[in-house]
């Protein structure tokens, strides 16, 4: 990261930390400050989190968003991609995505600070349409999961967060700043991941979004690549390429992660047995489920559910 990008992120973490501190205090008392602060963040599509102790790994369902770590470090697992990262990188989630994540370093007493900004597909589409084709045509089927900051992107994100302290400026500046953030993202190597998830004309309209909706909404069904492509009326090769580019996973990997995450949620929150949770998400073999689960979470299902249930109350969304 160059010095200019670092300076912009220094300003961003200052604002984010102050805002997170307000939310921390407001969560313990019933005051008018909490609704005002929350509503301001919601208007900007921002979620700011602060954590003072390392957390366990938890299943998260990320909506299309930009995720940044401003202080400390976290671990994120997307499919087979397992990364530890901090403020030198960012992650784009272009479609609804199952992620396993947790804080591993809180940077001492200052605490881990992160921000998530929801991507508006309408804004993304407008910015892409206004750019020259040469700017957004770069393609790769093996993009790195983590993006690298540029000074213009860090500057735009810093100004987006600064709007948390300037509610009177939001109606005028937010539409401009949000488009600039998208523009700067599209000028990074992560651009193909964003554009791969866009709705497009013709047979590919909303392909990745439609595929993830099918796999998530009907995860208990016996999906194959052939069946999924047939339902979406597209070739298997096109589906695989577009899906992999947008999510970093194959459809089969996405389905497995989605099933495991939902099974874990059922065991932790609803005290389902491993057998009941496995059957509910589409596993036909208890041994297959146990093997996949242990590989993903490092413990047998029942033992992991006990530990995860104890940690859940201490782990905010990060």
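What follows draws every value from the coordinates through simple rules; no lab data is involved. What you see is a predicted model; the values in this text were computed from it and never measured. All Cβ positions, glycine included, derive from the backbone under ideal geometry; neighbour counts span all protein chains shown.
Can you give the helix-only mean residue ellipticity at 222 nm for the chain, where every DSSP H stretch with n ≥ 4 adds -39500 (n - 2.57) and the sum goes over all residues, rounded to the nearest 500 deg cm²/dmol?
For the chain, the value works out to -16500 deg cm²/dmol.
Measure off 7 Å from each Cα along the Cα-to-Cβ vector at residue 237 and residue 81, then give the distance between these two points in nanometres to one decimal.
So the label points at residue 237 and residue 81 sit 2.4 nm apart.
Take the alpha carbon gyration tensor of segment 75-188, find the square roots of its eigenvalues, order them as a ≥ b ≥ c, and report rounded if a/c is under 1.5; if not, report prolate when a/b exceeds b/c, else oblate. Intermediate values should be presented prior to the final figure.
On the way: a/c = 2.00, a/b = 1.13, b/c = 1.78.
Taking the square roots of the gyration eigenvalues as a ≥ b ≥ c, segment 75-188 is oblate.
Going by a ≥ b ≥ c, the root eigenvalues of the Cα gyration tensor, does segment 203-252 fall in the rounded group (a/c under 1.5), the prolate group (a/b larger than b/c) or the oblate group?
Details: a/c = 1.42, a/b = 1.25, b/c = 1.14.
Rounded shape, in that the Cα axes give a/c under 1.5.
With r as the distance between the Cβ atoms of residue 172 and residue 218 and R0 = 45 Å, compute the FRET efficiency 1/(1 + (r/R0)^6) and round to 0.05.
Values: r = 44 Å, r/R0 = 0.97.
Efficiency, rounded to the nearest 0.05: 0.55.
With Rg and Dmax of the Cα atoms in Å in mind, check [x] 21.4, 67; [y] 22.7, 93; [z] 20.1, 58 and report the label derived from this structure.
After the calculation, the listed value that fits is [z].
Using 0.36 nm per residue, how much length does the chain from residue 165 to residue 88 gain when fully extended, once their Cα-Cα distance is taken away?
Contour length minus Cα-Cα distance gives 25.3 nm.
Apply 1/(1 + (r/R0)^6) to the Cβ-Cβ distance of residue 36 and residue 4, taking R0 = 51 Å, and write down the FRET efficiency to the nearest 0.05.
Working from the Cβ atoms, E equals 0.95.
Quick one: length gained pulling residue 295 to residue 109 fully straight, 0.36 nm per residue minus the C-alpha distance? Show your work: numbers first, answer last.
Values: separation 186, 0.36 × 186 = 66.96 nm, distance 3.34 nm.
Result: 63.6 nm gained on full extension.
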